[in-house]
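Chemist: If you scroll down you'll find the structure; I have some questions about it.
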Amino acid sequence: FCFNGGPGSSSVWLHLGGLGPRRVRMNEDGTQPRPPFGLVDNAYSVLHVTDLVFIDPVATGFSRPAKDESAEQFFGQSGDIESMGDFIRLWTTRNKRWRSPKFLCGESYGVFRAAGLADFLHSRYGMYVNGLVLLSGVLDFATLNGGAGNDLPALTFLPAYTATAQFHKKLPPDLQADLSKALAEARDFARSQYPSALLAGAALPEGERKAVVAKLARLTGLAPSLIDDHNLRIDPSLFREMLLRDQGLILGRFDARITGRDADKTSSSPRFDPSYEAVYGPFSASMNAYLTEELRFEDDLPYEILSEVGHWNFNERDRYPSVRDNLATVMSQNTYLRVLVLGGLRDLACPIDCIRYSLDQLKIDPSLRKNIAYAEYESGHMMYSNLPDLKKL
């Protein structure tokens with residue numbers, strides 16, 4: 001069962017990007033091809049080893065609330081998981097697949113959804129899933145959204161900054177020549193000297209502050225003065241705006257390899273995401289053509305690629321929603337459950353080190369950690385749009 005995130009995203013990205021039998025024809029490096037856009041057979045589909053059920057949540061794709069039903073009841077953590085869980089139960093029952101192995105594959109917010117769904121299906125219906133494929137996502141929003149009292153994103157985003165700076169040839173020669181060394185250095189710094197410096201705040205001695213500034217400049221390619229002016233904390237929007245400003249370029253959020261031009265040189269954040277614009281048109285045109293021309297499905301409703309779902313109602317009173325405990329619970333109760341974590345090194349929306357941190361904090365027996373595996377990719381959030389990454393996926 002495959003779904004994307006948003007909240008408010010259809011499953012078109014996983015369907016026509018990575019897993020389905022047809023895929024959008026992109027340039028091999030994941031950049032936008034010249035219009036008009038088209039589809040090709042996906043030689044790397046997983047359809048030969050599994051049935052694929054792509055789910056468009058309410059308000060996405062052609063999914064709409066039933067007559068006289070309020071859409072808002074689906075626009076929240078509980079309502080979303082319950083409606084998705086009920087759909088999975090109904091599909092499994094009607095297709096007589098209760099005795100089949102079952103996997104949940106979620107991307108972005110779909111990772112948050114998948115962890116909650118695994119727990120919900122287990123506790124509500126006794127449906128035990130065999131595995132979760134967690135692709136470019138989040139389990140704990142504290143790893144993504146910083147603010148007063150929360151410096152976690154400064155730490156979890158750093159390796160993605162380093163990988164991006166290496167791609168754009170902004171690192172010093174020794175790191176530029178060896179991405180593995182660069183990532184290891186960034187991850188070590190993010191676990192040791194960097195958090196202690198942030199914890200010290202104004203009490204950090206001037207000499208140590210200068211050393212931290214120099215280290216961050218080495219690992220990110222940003223000017224030391226910029227890092228110092230922002231109090232040692234690098235926001236992803238600032239990084240996207242400033243890394244290549246000398247070339248008049250901004251970086252993509254979903255894939256920081258992809259660049260664009262923004263005429264506003266006074267802003268501290270880009271006005272658009274060139275990596276999203278690279279995929280939005282090709283995927284929209286391809287899905288609409290696929291539905292009508294190949295599948296012969298006619299409907300005058302627009303196929304909502306990414307819809308506006310308004311205020312999303314999270315369960316947690318805390319400002320940082322999390323499903324970490326849900327995942328720990330279901331992994332402890334179903335010790336056969338496997339978790340595969342996939343992430344692009346140049347993803348500045350949901351860097352893989354965010355979910356790595358969450359899983360390292362998981363309250364599970366040490367014997368269950370062997371059930372978690374990782375794979376990293378050269379591109380970004382939608383790694384399947386980059387042909388070498390699609391082959392690896």
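The values are calculated or read from the model by the stated rules, or taken from the named source; none is laboratory data. If you're wondering where the values come from, they're calculated on a predicted model, not measured in any experiment. Here the Cβ is made from the backbone with ideal geometry for all residues, glycine too, and neighbour counts use every protein chain on show. Accessible surface is based on the protein model in full, side chains and every heavy atom, while ligands, DNA and RNA are left aside. Shrake-Rupley method; radii C 1.70, N 1.55, O 1.52, S 1.80 Å.
Chemist: With +1 on each Lys and Arg Cβ and -1 on each Asp and Glu Cβ, and nothing else charged, work out how big the dipole of the chain is about its Cα centre, in Debye to the nearest 20.
Modeler: On the way: 43 positive and 48 negative charges, 197 e Å.
In total the dipole reaches around 940 debye.
Chemist: Now a separate question. Give, as a single signed number, the net charge of other residues whose beta carbon lies under 14 Å from the beta carbon of residue 389, with Lys and Arg counted +1 and Asp and Glu -1. Please list the in-between numbers first.
Modeler: Numbers: positive: 23, 257, 346, 391, 392; negative: 28, 29, 107, 255, 347, 376, 378.
The answer is -2.
Chemist: Would you calculate a helix-derived [θ] at 222 nm for the chain, using -39,500 (n - 2.57) for each DSSP H run of n ≥ 4 and dividing by the full residue count, to the nearest 500? Walk me through the numbers before you get to the answer.
Modeler: On the way: 14 runs with 144 residues, N = 393.
Calculated from helices alone, the mean residue ellipticity at 222 nm is -11000 deg cm²/dmol.
Chemist: Hey, another quick one. Relative contact order (percent) for region 138-247, with alpha-carbon contacts under 8 angstrom and 6 or more residues of separation?
Modeler: Taking the mean separation of contacting Cα pairs over the length of region 138-247, I get 25 percent.
Chemist: Considering only the chain, what is the antiparallel percent among its DSSP beta bridges, to the nearest 5? All intermediate terms of the calculation are to be shown ahead of the outcome.
Modeler: Details: 9 of 29 bridges.
Of the beta bridges lying entirely in the chain, close to 30 percent run antiparallel.
Chemist: Which aspartates and glutamates, if any, have their Cα less than 20 Å from the Cα of residue 370, not counting same-chain residues under 8 positions apart?
Modeler: Candidates past the 8-residue exclusion: 119, 325, 353, 360.
Chemist: Here's another thing I want to ask about it. Counting only C-alpha contacts under 8 Å and six or more residues apart, can you give the relative contact order of the chain as a whole percent?
Modeler: Values: 697 pairs, mean separation 95.6, N = 393.
Answer for the chain is 24 percent.
Chemist: Using Cα-Cα distances under 8 Å and only pairs 6 or more residues apart, what relative contact order does region 27-130 have, in percent?
Modeler: Numbers: 53 pairs, mean separation 18.5, N = 104.
It rounds to 18 percent for region 27-130.
Chemist: Once the Cα atoms of helix 274-289 and of the chain are each reduced to a long axis, what angle between those two axes, in degrees from 0 to 90 to the nearest 10, is obtained?
Modeler: For 274-289 against the chain, the angle is about 10 degrees.
Chemist: For region 241-393, give the percent of accessible area contributed by carbon and sulfur heavy atoms, probe 1.4 Å, rounded to a whole number. Before the final figure, lay out each step's value.
Modeler: On the way: 3530 of 7490 Å².
It is 47 percent, rounded to a whole number.
Chemist: Checking the cross-link filter: which lysines have an alpha carbon closer than 29 Å to that of residue 169, excluding same-chain neighbours under 8 positions apart?
Modeler: Excluding near neighbours in sequence, the set is 181, 210, 215, 265, 391, 392.
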